Amino acid sequence: MTDNRTGANASTTTKSPIERKPVGGIPPESPSAVERAPTLPPRPAQDSDEKTPEAPKCDTCSVPKKAGSTRSKYPPTPIKVDKTQPEDFEGELATNNDLPSTETLKKIENYIVLDRHGKSHPFKTLYTGSNVARRVLIIFVRHFFCGNCQEFLRSLSEAITPEALLRLPVSTFIAVIGCGDPALIDMYVNETGCRFPVYTDPTRSLFDALGMSKTLQLGTKPAYMRRSMMHSIVGSIVQGVKQIPTGNVLKMGDQRQVGGEFLFEPRDILTPVTTPRDEKPKPISAFEEAEERGPDHDGNEEKRVTWCHRMKTTRDHAEIPELIEVLGLDQTATAGRDVGRGSITSARKGKGHSMAQEIRKLSAERSRTSNET
């Protein structure tokens, strides 16, 4: 009996996989079940199918994938512009020749400029005050090693002399302002042959306030450039090398700064010349003189800018013929060689209306009177 039950159990055990196979039940101890386990359950395949479309719907998963594409849909973060950098290296600067306002001139009149000795002067003392010409053309130049500006001053000094300005019926003069170290002014005067006083504004405060910009663009060659570009570059390098022993080789000023020309004139050309100090009746005290003038009047003639030009490139100074015309000089009587006088009509760069026409009338009347006598 025992043997029969054992045999029956054995036969049942060997047949159980075949009998249970159609049902789909696989005992965990069956070796074949372990091999087929990954393929039989439907859930892993279903889960993988469901995860594929759900992945983009997940916010946490989609952020890294769309990070690069979403940047173009939003405006860039505002960036602070570095004003010390040049505004334009390609082409001419988008500047203008609008005349400085009275408010601007009032703001900058006490800005400091330095002379060749390093002595400071308020800016207004260059164009107004005692012993100052009634009309003053102030020329702002680039750094002290700039061959382009040096060539401009050479042409200017040959064409317009202090003697020619003194012959005008209204006292007229010229002053030059650079942006380098005052220790280089003597070198600059020797290289250019400039016969007018040269000052400097190392902080470039006047340049900024009067709207002069920065650029390294050359622009077209002007008529006042008579030397080749290579000659100017070599000359600038030689000047810098000579300054190595003095320690001023890197003190020439900002190489990107460009300048311009500004003509200061009185409001009325017929304003009488101030009586010399020695001929004035002396007041009882200095306080009485101050009371007569009033607190808002310092005895200086009020000036305004009637004509100006701002450079758009590194060699864009106003042409010499235009300056001759603006100052009211006689072009046929000015000294120096030809500097392109025929281009005055077509190459006009500045903007404004100076007293040139009135000055020419006064000059003609003076000449006629002297001939009659």
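The values are calculated or read from the model by the stated rules, or taken from the named source; none is laboratory data. Keep in mind that this is a model prediction, so the values were computed, not measured. For neighbour counting, all protein chains shown are included, and Cβ atoms are generated from backbone atoms with ideal geometry for every residue, glycine included.
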The lone condition Lys349 fails out of (1) at pLDDT 85 or above; (2) surrounded by fewer than 14 Cβ atoms within 10 Å (Cβ to Cβ); (3) part of a loop (DSSP other than H, G, I, E, B) is (2)
Point to revise | Filter pass, Thr203 being hydroxyl-bearing (Ser, Thr, Tyr), at pLDDT below 90 and part of a loop (DSSP other than H, G, I, E, B) | key: no
Taking the range 95-143 and keeping residues touching a residue at least 40 places away in the same chain (Cβ under 8 Å) and on the phi > 0 side of the Ramachandran plot leaves Gly118, Gly129
Flag if Glu279 is under 30 Å from Ala133 (Cβ atoms), among the charged types (D, E, K, R), modelled with pLDDT under 90 and surrounded by fewer than 14 Cβ atoms within 10 Å (Cβ to Cβ):
yes
Of the conditions (1) surrounded by 18 or more Cβ atoms within 10 Å (Cβ to Cβ); (2) touching a Ser or Thr at 6+ places or on another chain (Cβ under 9 Å); (3) among the basic types (Lys, Arg), the single one that Arg167 does not satisfy is (1)
Note on the range 287-327: residues at pLDDT 95 or above, assigned to a loop (DSSP other than H, G, I, E, B) and under 26 Å from Glu163 (Cβ atoms) are His317, Ala318, Glu319
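Residue-wise test of (1) among the charged types (D, E, K, R); (2) in contact with a Ser or Thr (Cβ under 9 Å, 6 or more places away or on another chain); (3) outside any strand (DSSP E or B); (4) surrounded by fewer than 18 Cβ atoms within 10 Å (Cβ to Cβ).
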| residue | (1), (2), (3), (4) |
| --- | --- |
| Phe173 | no, no, no, no |
| Ile185 | no, yes, yes, no |
| Asp208 | yes, no, yes, yes |
| Tyr224 | no, yes, yes, no |
| Val241 | no, no, yes, yes |
Reported set for the range 176-215 where residues are closer than 22 Å to Ser155 by Cα and among the basic types (Lys, Arg) is Arg195
Conditions (1) modelled with pLDDT under 95; (2) under 15 Å from Thr314 (Cβ atoms); (3) surrounded by 16 or more Cβ atoms within 10 Å (Cβ to Cβ) -> Val258 fails only (1)
When restricted to Glu151, Glu109, Glu87, the only residue closer than 28 Å to Asn248 by Cβ, modelled with pLDDT of 95 or more, among the acidic types (Asp, Glu) and surrounded by 12 or more Cβ atoms within 10 Å (Cβ to Cβ) is Glu151
Flagged in the range 107-155 as in a helix (DSSP H, G or I), of a type outside the set (Val, Ile, Thr) and within 15 Å of Asp208 (Cα to Cα), in numbering order, are Lys107, Phe123
In the range 187-206, anything among the polar types (S, T, N, Q) and in contact with a Ser or Thr (Cβ under 8 Å, 6 or more places away or on another chain) is listed as Thr192
